[in-house]
Structure formats: C-alpha cells, structure tokens
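Let me begin by presenting the structure, written as structure tokens, before commenting on it.
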Amino acid sequence: MSNELRIGLAGVGAIGQTHIERINTRLRGGRVVAATDVAAAFGKRIADRYGLEFFETGDALVSSGNIDALIVTAGDDDHEMFVSAAVRAGMPVFCEKPLAPTAAACKRIIDLETAGGKRLVQVGFMRRFDPGYRELKRLVDGGEFGAPLMLHCAHRNFSVGDNYTTPMAITSTLIHEIDVLRWLIGEDYKSVEMAFPKLSKNARPDLIDPQIMILTSVSGVRMDVECHVTNRAGYDIQCEVCCEEGYFKLPDLPSVPRLVNAGRVTPICRDWSERFIEAYNIELQEWMDSTRAGRVDGPNAWDGYAACIAADACQESREKKAVIPVSLPETPAFYK
Ligand code: ISE
C-alpha cells in the first residue's frame, strides 16, 4: 500500500460526490483517484469533473492495481456486487448503509469475507462517529448512573422524494437507529414491533407515515423510535437514554437563537447531510487511518447483517401487525 491510501469509489451520485470532496479537500492520508458507476455515461462525466480515472465495472476497478481500498456509495441493490468484488480481491471496503437490502445478501458477504480469513468490510453507520452519540455511549458504558432501562428517540425528516416507499422507512431511515441503539446499549435485540399513529395528510396515499418502531433488547431495555419523514418542520434527531439514576439526551447541533420579528428562533437543519457533516468527516478519517494500519475498527459486516435481520423483522411486524422475535445467531469469533 502506498503511503497515501488510493481510493476507488463505486457509485458517484450525491453522497459519493460529498465523500470525494471531503476526502480530497479536507481529510488526511487518502485520496479518491478512480471511480465506477453502473450508469457509465453519468459516471464518466462525474469522474472527469473530479479528475478521476473511470472504470466500466467494479471488477475492473479493484483489479486495476491503481487503488488500495474501495468506497461503495452505489444504490442499495448494487452494494453486494461491489463489496463482493473488493472482498474477492482481498481489498478493504467501506460500504454505505445498508450493507445490502436483505439479510440473505449480507450473509453471502459474511461467508465470502470469513472464507478469505481477514476482516475487510466496514459499514457506513455514521451515527456511531457523531460526537453526541459518542458522549451518550461513554456515559452508558461508564455505568455510574446505573443501567439503561428505556430510550425515547425520534427520526424526523422535513420531506422525502417520490421514490421513497413505506419499507424504506425501515431500510433507509430507521436502520440508523437499529444500528446505533444496539451499539449504544451494547446488546442485541430480542423482539421488534411497529406501531401506527394517525397518518399525516402530507404523506402520499401509498406511504405510511408516521410510524413508531419499538425495539426490545435481550435484557429487556425498551426503545421507542418515532419515524416521521414528511414533517415539514425540519431534520430532527432525538435520543434520550433513561437509566436507573440518570437521564442522558443527545445534544442538538449548536445554533444561535435569534430574536427577530417579535420571536425567539433557534434554527435547526433541513436535512441529514447538514446534521451529520462532522460524523461523516470523523468516520471517513478513522476508516482511512485504520485501513492504513490494516484493521477494521468501525461497524463491520456482522453489524450490517445484525441490522438487516432486525430490519426484516420490522417489515414483518408492519405486515402482520404483531410483535416479531429477532433471531440473530451469536456473534462469531471472527467478528468479536
Ligand atoms: C437517508 O437515506 C438517510 O440516511 C438519512 O439519514 C435519513 O434521515 C433519511 O430518512 C434517509 O432517507
């Protein structure tokens, strides 16, 4: 591996472009030098714009000898193809969440990685790198205020695109809480349940919004998460951890209250790309640092699989209107 990590990027859409910019202009120790995209003409145009070498396929990119590591920011359905290409080539790969759209696809990636004998895959669950969540985790792990008993959380979006569907509330939105809450309390889930408040007039007729996800951990911690993606109010992420002898709340981003027009207003973000800028920067910096050191320190393929299993149970709960058990096998030694 050269001194500076030479990175290839698979999927040059919006999030891919923000990663190219942050790595090539703000972070240290790596550089995006090449790209691929399933839409070749679009991919070539974006690659040219950023001065990247363009390859027609993921296999051609990873076998070019011109990159040391791969970042996958393609559509969810193409994650498995690109991640597998990297793993087959023995190359470290960072894949945006979800690792794959189904648990079965995640399992295939795990089997491939395990057969290769070396952990290579990190999943882009960036909330684990957000300073606020990290402080919550430090307080929970410290144990000074007793064990967590229940968590009250909210994931609110101003609006979503026309291609956003009811299942995406789980695979694309709540998947963040599914991962970060499991990490925060350090436990797997025992069961999940979806609950349904009155529907919002702002949701398309075929979109169920809002929804509430209730997760129960193996030891009985209850976590309720409101998901409201058409709120027309702003991007708002809440997480309150209620312990035996203390309550901890995720801080909002700093924002100056303004006294204007006979009112006191404290602006919040309009979307996730503003809210989690720092988390993305820390996440990719730490990924480049650990990759150069030959390690995977962040959420691994097993975490991606665990999240998908819980997400599948949430979909089943929505369809059956029932509490669904989550059956995750014990974490294999390879991923501990
Ligand atoms: C999007 O894909 C994200 O990852 C955002 O964090 C989430 O708030 C949004 O609902 C998703 O669609």
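Centre-to-centre, using Cα atoms only, the range 157-189 and the range 96-120 are separated by 19 Å.
For a 25 Å ceiling on Cα separation, which of these pairs sit above it: Lys190/Lys321; Lys198/Lys321; Lys97/Lys137; Lys137/Lys336; Lys107/Lys249; Lys190/Lys336? Over 25 Å apart, Cα to Cα: Lys107/Lys249.
Kindly provide the Kirkwood hydrodynamic radius of the range 36-75 in Å, to one decimal, from all pairs of distinct alpha carbon atoms. Write out the running numbers ahead of the final one.
Details: mean 1/r = 0.0953 Å⁻¹.
Computed over Cα pairs of the range 36-75, the Kirkwood hydrodynamic radius comes out at 10.5 Å.
Rg over Rh for the chain works out to 0.97, using Cα positions for both radii and the Kirkwood form for Rh.
Only Lys, Arg, Asp and Glu carry charge here, each on its Cβ (+1 for the first two, -1 for the last two); on that basis the range 16-94 has a dipole of about 460 debye about its Cα centre. Taking Cβ atoms as reference points and 12 Å as the exclusive limit, the residues near Ala14 contribute a net charge of -3, counting Lys and Arg as +1 and Asp and Glu as -1. How much net charge surrounds Ala301 when only the other residues with a Cβ under 9 Å from the Cβ of Ala301 are counted, with Lys and Arg +1 and Asp and Glu -1? Net charge around Ala301: -1.
Working from Cα pairs under 8 Å separated by at least six residues, relative contact order for the chain is 19 percent.
D by Stokes-Einstein for the range 142-262, Kirkwood Rh over Cα pairs, 25 °C, 0.890 mPa s: 156 µm²/s.
Taking the fewest neighbouring Cβ atoms within 10 Å as the starting point, the ordered list for Lys321, Lys97, Lys198 is Lys198, Lys321, Lys97.
Helical runs (DSSP H, four residues minimum) scored at -39500 (n - 2.57) apiece and divided by the length of the chain put the mean residue ellipticity at 222 nm at -10000 deg cm²/dmol.
FYI, it's all coordinate maths here, none of it is from the lab. Since this is a predicted model, take the numbers as computed values, not measurements. FYI the Cβ positions are ideal-geometry reconstructions off the backbone, even for glycines, and counts take in every protein chain you see.
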